[in-house]
1. With r defined as the distance between the Cβ atoms of residue B:229 and residue B:282 and R0 fixed at 25 Å, what FRET efficiency is calculated, to the nearest 0.05?
2. Exceeding 18 Å between C-alpha atoms, which entries from my cross-link table qualify? They are A:361/B:44; A:120/A:148; A:350/B:325.
3. For the stretch B:99-158, which semi-axes, largest first and in whole Å, follow from the square roots of 5 times the eigenvalues of its Cα gyration tensor?
4. With a probe of 1.4 Å, find how much accessible area the stretch B:163-275 has per residue, and write the answer as a whole number in Å².
5. Per DSSP H run of n ≥ 4, the term is -39500 (n - 2.57); total these for chain B, divide by its residue number, and report the mean residue ellipticity at 222 nm rounded to 500 deg cm²/dmol.
6. Using a 7 Å offset from the Cα along the Cα-to-Cβ direction at both residue A:170 and residue A:198, what is the distance between the two label points in nm, to one decimal?
7. Could you tell me which of A:24, A:229, A:403 has its Cα farthest along the dipole of chain A towards the positive end, charges placed at Cβ (Lys, Arg +1; Asp, Glu -1), taken about the Cα centre?
8. Using only atoms on other chains, find how many Cβ atoms lie within 10 Å of each Cβ of peptide B:162-169 and report the average.
Amino acid sequence: MPKSVKVKRGLSLNLKGEAEKILVDAPKSKIYTIKPPNFHSIVPKMVVKEGAKLKAGDELFFSKYSDKTRFVSPVSGTLKEIVRGAKRRVLELRIEADASIDYKDFGVMDPLSASKEEVKERVFSTGLGTFIQQRPYDILANAEDTPKSIFVSTHNTAPLGASFEFVLKAKMKHFQTGLNVLSQLTEGKVYVGVDAESASELKSVENVEVVNINGPHPAGLVGTMIHEIEPINQGERVWTVRAEDVAIIGEQFTTGKFNAERIVAVAGNAAEERKYFKTLIGAEVKTLLSGQNPAGCRLISGDVLTGAKVEEEGYIDYYANELTIIPEGNHYRMFGWLPFKDNNIHSMSKTSLSWLFPKRKYDVDTNLNGEERALVVTGEMEEVMPLDIYPMQLIKACMAGDIEKMENLGIYEVAPEDFALIDYTNTSKIEAQEIIRQGLDLMITEVG
Amino acid sequence: MSFIRKKLDEIKKPFEPGNKLEKYRPAINALDTFLFVPNHTTQKGAHIRDAVDLKRTMITVVLALIPALIFGMWNTGHQHFMQLGEEVGFMEAFIHGAWKIVPMIVVSYAVGLGIEFIYAIKRGHEVNEGYLVTGLLIPMIMPVDIPLWMVALSVIFAVLIGKEAFGGTGMNILNPALTARAFAFFAYPTYMSGNEVWVSEAGAVDKISGETILGKLAAGTEVPFESIHMFTGVIPGSIAETSTLCILAGALLLMLTKVADWRIIVSGFIGAALMGLLLNALPSLGVEGNDLTNFAWYNHLIVGGLAFGIVFMATDPVSAAQTLKGKWIYGLLIGLLAIMIRTLNPAYPEGIMLSILLMNVFAPTIDHYVVEGNVKKRKKRLQAKTVKTA
């Protein structure tokens, strides 16, 4: 009997602009960029200098506080520019790509016959450790730790989220190898979440425990799965890996090459060409726009709930496998606050009539639909929080910086993305994800 | 629309940051956001947001109050002319009531919003919409003949001491509207209880009794009303609390829109009914009750401010319990205590005000124990783990 996760409290947003399941090659990007801020709390110590010649897989930098985790180049070419911000903080490493990619050869390794130590050493020293996140704190995994279990979710329930089933279709062999690698990194189990309702071959992966996932978003988030299966206690470490990255890990073990291939779903009601584009990590955003002029639109590297705003001249984030394009909402709505008015805007609240049309797909924009206010309404956060956690109390504890309370209320079990729906639904327009991130950062400095 | 928008943008110019009126931005913004949902876009966190905002939530409560308010205006006139022995039509009665009540509402909003604006400017935050509801509630729960300056003083007390002293909207412990009423009740008891305050200009007529039903029961005089009167509300009382029917119409809107938590409303009535049943059973237990304890339990639910209090005041999310389980306990206790105070303490013919204020104070404690349950579960899990590994 396979394990299953059933979520009742949540919200699957039905938005217009889903990406069609057609895979095309994106035009080649001239520059690929690694953004160290994508790796939360990592301070890069550069290994190479501007002008250095790189192969795909060559080391770029390592973390100032842990030299075990190495960060490598996704393409071969020349390190053209290191963009620095305030206090010389490294913001971007821009690599001008060669015409064809030249890979560094790491050699072939069978993860199941190699020893655990060898596998771990290889993962972290060749740049694959950058794909492994740790809970608590939602930061990069520490190579010194051995996690009690590892979680992978292949069921993307986020609004307009890319389908991992589609993305992984041609990479199933590498995906399985990647899972074999992960199974060597933990004393416990590797759990792979799959959509309970699909009959995909993802369900027949081996050496792992398959978990059937049911219900609305955030059912597909690893945080939900961890909470249901092996909730994190104080002092424990759990790792999570994104599904497509598992395949990258597997491929590197099978072929010896670091193939940073990324299939990016271009979606959103303002996107003109909504397809899946094959490109590489850190590609230029404009190569995915198919010539579209995105004026008046918000470009989001990631999904609408958790992604980051990028510019047309910017680059796709390290982990993003979506580029969502929605209109900016900088317009006024006269008397828009009247109840039961403007029902074309989705609302979870019954003060709008949008709940009468559950099948309807909604147009969205970036309007805040109100202004930030004091926390007044209670009970609404719980409706989109499937974890056994009191969201409002935890948010308030984070705002107050009360460490003991945060611990008691379950800060170790959550990541900002678990609170993304609260960002979306809450009446007072408070930024729950940001507050949780600050709370986690406080825990890192105070507790570690 | 774009004309008004342009005009507004023009008016707002001197208030932009860097200009001399910058400090007063919250005031002009309050006006602007009343007309338009602003053009603000998401800057961090989720890029899309739900259509709901606090203004919409609060206006829904105001809408829910309208039936009771209109009925209250009519009933004020109706009770007045009935005392005089005059037969008048709906409009005449309504207009009489409106002349009494609209000035109270104007005073309440002017004074309360004035303070809110001053604090918003002082603290540099936007004006919160909570007072839209509080400002309407305060006149609705006062006796009709209360002087306007008392309304103003009560409002000042409620907003300053009840709310701003604790940090403003969202931080207050007590329901501000009830704080206002409690202030008036204890500061000016002769205007807030007795038999001359409940019907407008009652003192002008000789030998009349404008006593409320609960007052009559406490005094041991005969009650000349049937249950149907109590339910529809054609009885003397505070302005808008008499009609259980209109209150239930509001409750329906609040529960369907989920603006008020149905758990509090349902458990509040259950609590009141339970206490009523218990008191009704006293004679069969060999205890001789009085008129109040023997008053049928279902009548207890429809007289006095109980229904109004449970539907509109107990459900105030800021001062109520915040956890789901907590809300059940909180509502139940409010109902129980309201009937208990009402029947067992002759000094207070109505208990809902005190029972809600009391439970407001205890709501954080209730929540604490509910949340503590969750914390204990987590600690137990950790303990089980350490025992296993040790």
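1. Working from the Cβ atoms, E equals 0.45.
2. From the list (A:361/B:44; A:120/A:148; A:350/B:325), the Cα-Cα distance tops 18 Å for A:361/B:44; A:350/B:325.
3. Ellipsoid half-lengths, sorted descending, are 23, 10, 8 Å.
4. 41
5. It comes out at -20000 deg cm²/dmol, rounded to the nearest 500.
6. Label at residue A:170, label at residue A:198, 1.7 nm between them.
7. It is A:24, whose Cα lies furthest towards the positive end.
8. Mean partner shielding for this stretch: 1.
The values are calculated or read from the model by the stated rules, or taken from the named source; none is laboratory data. Bear in mind the structure is a predicted one, so any value in this text is a computation, not a measurement. No Cβ is skipped: glycine too gets one built from the backbone with ideal geometry, and neighbour counts run over all protein chains shown. SASA here: full protein model, heavy atoms, side chains in, ligands and nucleic acids out. Shrake-Rupley method; radii C 1.70, N 1.55, O 1.52, S 1.80 Å.
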